[in-house]
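The values are calculated or read from the model by the stated rules, or taken from the named source; none is laboratory data. Note that this is a predicted model, so its numbers are computed, not measured. When we count neighbours, we look across all protein chains shown, and the Cβ atoms used for this are built from the backbone with ideal geometry, even at glycine. Areas reflect the complete protein model, heavy atoms only, side chains present, ligands, DNA and RNA absent. Shrake-Rupley method; radii C 1.70, N 1.55, O 1.52, S 1.80 Å.
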Amino acid sequence: MKLRCAILDDYQQVALTSADWSQILDKVEVKRIDRHIDQIEELVEKIADCEIIVIMRERTPFRAALLARLPKLKLLITTGMRNASVDMAAAASQGIVVCGTGGAGNATAELTWALLLGLARNIVTEHNAVRNGQWQSTVGSDLYGKTLGVIGLGNLGKKIAKFGQAFGMDVMAWSQNLTKERADEVGVRLAPSKEELLANSDFVSIHLVLSDRTRGLIQAEDLKRMRSSAYLINTSRAPIVDQAALAEALQGGWIAGAAVDVFEVEPLPKDDIYRSLPNLLTTPHIGYVAKANYEAFYKQVVEDIEAYLSGTSVRRLN
């Protein structure tokens, strides 16, 4: 009898074409769900018979209450090697193996820069204007000679800093643990404080892992320190920025605009204010949604399942 495997939140219906699943189909029956299910009762009904579940990043959280209702679950695979929405301790206590995957690594940085450029040159506004018969309705912001503030100088932050340098920007960086040595390695200035970075940057891009220390890092008083002509970009995690404060800042003209790819509730509710703010550029958490990433994700999902079938595990997280 075959094991049952469910692939959740396959929005674009590409999970089964992004990798070669044929090598496991003699032992595993795979089904995919291409829509988000946020009601736990419906979700349990769909996946309670599955021994293996594949989840896409944090689209569907697997907390203790949900895990407790999935007694058949033995292998939970998340794309990526970090997933704060999975209760690792609860999974371990139920004997559930949690594994991850690697990724291609460039997609989020590229989207971040696309958003920054979109803000600077009012791309969406001008596109819509052309479609509506108008011509040249805004004046864009230059990047050359402007200051880019990067909050978090890890792998993604480093790439964004390099992009900024390539565009002739003056780049400074800050995070709680950032040292001058690290900043020097990347060739950027170390901001003496978060406050100094925010007050002196024309564009601010956030690249931090969400943790107790970074949650709520950017509050209303921080946004008020920014220049009224400045822009904020967040492709990391929504709770790093106080969401109500950001909406107020955009409505009140504290800053010129913002771009976000991440939200506290995803998919974003249809009546959310973030859908209607004219100076907010939004994308539906697509930073990692690119062909190379998906191929890496699902190729390694298959490898994780193969290892489980052979009695071992790879890329185990719990």
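For the range 1-111, relative contact order (Cα pairs under 8 Å, six or more residues apart, normalised by length) works out to 24 percent. Positive-end ranking of P239, L208, V302 along the dipole of the range 173-318, with charges on Cβ about the Cα centre, is headed by L208.
Nonpolar atom fraction for the chain, defined as the carbon and sulfur part of the 1.4 Å probe accessible area, stands at 50 percent.
With contributions of -39500 (n - 2.57) from each DSSP H run of at least four residues, the per-residue ellipticity at 222 nm computed over the chain stands at -9000 deg cm²/dmol. First obtain the Kirkwood hydrodynamic radius of the range 44-83 from its Cα pairs, then insert it into the Stokes-Einstein equation at 37 °C and 0.692 mPa s, and state the resulting D in µm² per second as a whole number. In µm²/s, the coefficient is 311. Residues of the range 75-115 falling in the label zone of K162, defined by backbone nitrogen less than 19 Å from a point 7 Å along Cα to beta-carbon, are 103-115. Applying 1/(1 + (r/R0)^6) with R0 = 35 Å to the Cβ-Cβ distance of Y144 and R32 gives a FRET efficiency near 0.15.
Comparing L111, L217, L25 in a Gaussian network model of the chain, where Cα atoms under 10 Å apart are tied by springs, the biggest mean-square fluctuation is seen for L25.
Projecting the alpha carbon convex hull of the range 189-235 along each direction and taking the average yields 3.5 nm². A protection proxy built from the mean count of other Cβ atoms within 10 Å ranks the segments 53-59, 8-14, most packed first, as 53-59, 8-14.
Here the Debye sum runs over all C-alpha atoms of the range 89-177 as equal scatterers in vacuum, and log10 of I(q)/I(0) at q = 0.14 Å⁻¹ comes out as -0.68. Annotation for T283 and E248: the two label points, set 7 Å from Cα along the Cα-Cβ direction, are 3.0 nm apart. Computed from the alpha carbon positions, the gyration tensor of the range 49-140 leads to an equivalent ellipsoid with semi-axes of 44, 14, 10 Å, biggest first. Dividing the alpha-carbon radius of gyration of the range 221-318 by the rule-of-thumb value 2.2 N^0.38 Å gives 1.51. Here is the P(r) of the range 138-258: all C-alpha pair distances, binned every 10 Å from 0, give 14, 49, 32, 5, 0 in whole percents. Computed from the C-beta positions of A220 and M1, the FRET efficiency with R₀ = 45 Å rounds to 0.20.
Computed about its Cα centre, the charge dipole of the range 1-143 is approximately 220 debye, with only Lys, Arg, Asp and Glu carrying charge at their Cβ.
Here the relative contact order of the range 148-238, from alpha carbon pairs under 8 Å that lie six or more residues apart, stands at 31 percent.
Using a probe of 1.4 angstrom and keeping all protein chains present, the accessible surface of the range 137-222 works out to 48 square angstrom per residue.
If only the Cβ of Lys and Arg carry +1 and only the Cβ of Asp and Glu carry -1, the dipole of the chain around its Cα centre is close to 340 debye.
For the range 46-203, the Kirkwood radius over C-alpha pairs fed into Stokes-Einstein at 37 °C and 0.692 mPa s yields D = 172 µm² per second.
Taking every C-alpha pair closer than 8 Å and separated by at least 6 residues, the mean separation divided by the residue count of the chain gives a relative contact order of 18 percent.
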